[in-house]
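Have a look at the structure below before the remarks.
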Amino acid sequence: MKTVLKVNNLSFTYNDSDKKALNNINLSVNKGEFFCIIGSNGSGKSTLCNILVGLIPHYISGQLEGDVFLGDLRLADSSMGEIVSKIGLVFQNPFNQLSYTASTVEEELAFGLGNLGIPREEMKRRIERVAKLMRIEEILHKSPLALSGGQVQRVALGSCIIMEPDIIVLDECTSQLDPLGSEEIFDIIKELNMSGITVILADHDMERVARTADRILVLDKGEQIALDTPEKIFSSVDTEKHKINMPDFTRIGFSLNEEKLYDGNIVVTEEAAISLVKEVLQ
Ligand code: ADP
Ligand code: MG
């Protein structure tokens, strides 16, 4: 398996803080992987996402120790220009993703492409494709400032993937959406992943993480608690000590376990939980 991203002994302290926001993180992400980051508020998810795409230390300063490698590229030695064509971030707050200079959504989508020197025809082609994928075709001529939170979230994701990065980092990117819109965006992210894009996703919806992630990183107060498969992470009672909610489906397995009705593997998906319950009831 090819490693596309590697983090070695990474620690970070914000300039105006005296405690580490991240302490000694070590991980590597494989090509095509769906890699999730979970942890309660303040555990360091956003800080890690910002470091992976170079915003820290290029735009937000502090004391950074350790290394991040994107393939052979050492982030600390690279310009943002080199980084953005390889890895893109969708911000936790989508309003922070807007350029505030574009007068239409179409211009907003084209904004990053202009800096890459992409020809006009190619730009048009990409805008059409992304608008269709994100289902924002009807708002292409609207002002980005006149959109709902959910629409801004779609535009924010669109302006990231239009750059065609190999890796996308998504920081709780469905916070502005209702459950239906949120599932829709999540399906698009899964589709992108199926098409070969490596996905790194910070999320708080444990059901979704459990059924989608290849591997999960658990953070608590900046510490790396665990890095493993959903089955391993959610079958460990320790996980709950770090303020992580177990998916409901997993809880079913645990309850049956406690009642001595079942002693097999812990289930993490709805389908598996349903067939387990059927089996036990027989
Ligand atoms: P999460 O995304 O998991 O909620 P964050 O990465 O935002 O966590 O925060 C990790 C820690 O760093 C928290 O203690 C938070 O208060 C602190 N922090 C985040 N952003 C800043 C900042 N710009 N300046 C100083 N401290 C910050
Ligand atoms: Mg955050």
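The values are calculated or read from the model by the stated rules, or taken from the named source; none is laboratory data. Everything numeric in this text was worked out from a predicted model, so none of it was measured. All Cβ positions, glycine included, derive from the backbone under ideal geometry; neighbour counts span all protein chains shown. Ligands, DNA and RNA are stripped out before the accessible areas are found, and what is left, the full protein with its side chains, is counted by its heavy atoms. Shrake-Rupley method; radii C 1.70, N 1.55, O 1.52, S 1.80 Å.
Yes or no: the stretch 164-182 includes at least one residue that is open to solvent by 20 Å² or more (accessible area, probe 1.4 Å), more than 16 Å from ligand 2 (Cβ to nearest atom) and hydroxyl-bearing (Ser, Thr, Tyr).
No.
Scan the stretch 24-68 for residues that are more than 24 Å from LYS190 (Cβ to Cβ), buried (at least 17 other Cβ atoms within 10 Å of the Cβ) and more than 15 Å from ligand 1 (Cβ to nearest atom) and jot them down.
If the condition is that a residue be more than 24 Å from LYS190 (Cβ to Cβ), buried (at least 17 other Cβ atoms within 10 Å of the Cβ) and more than 15 Å from ligand 1 (Cβ to nearest atom), then GLY54, VAL68 are the ones that fit.
For the list (1) within 11 Å of ligand 1 (Cβ to nearest atom); (2) open to solvent by 40 Å² or more (accessible area, probe 1.4 Å); (3) modelled with pLDDT under 95, I need the number of the one condition that PHE95 fails.
The one condition PHE95 does not meet is (1).
Among the residues of the stretch 69-106, write down those that are more than 16 Å from ligand 2 (Cβ to nearest atom), in a helix (DSSP H, G or I) and touching a residue at least 40 places away in the same chain (Cβ under 8 Å).
VAL84, VAL105
Restricting to the stretch 21-48, give me the number of residues that are over 16 Å from the mean Cα position of the chain (by Cα) and either polar (S, T, N, Q) or away from ligand 2 (no atom under 16 Å from the Cβ) (or both).
Total meeting the criteria: 3.
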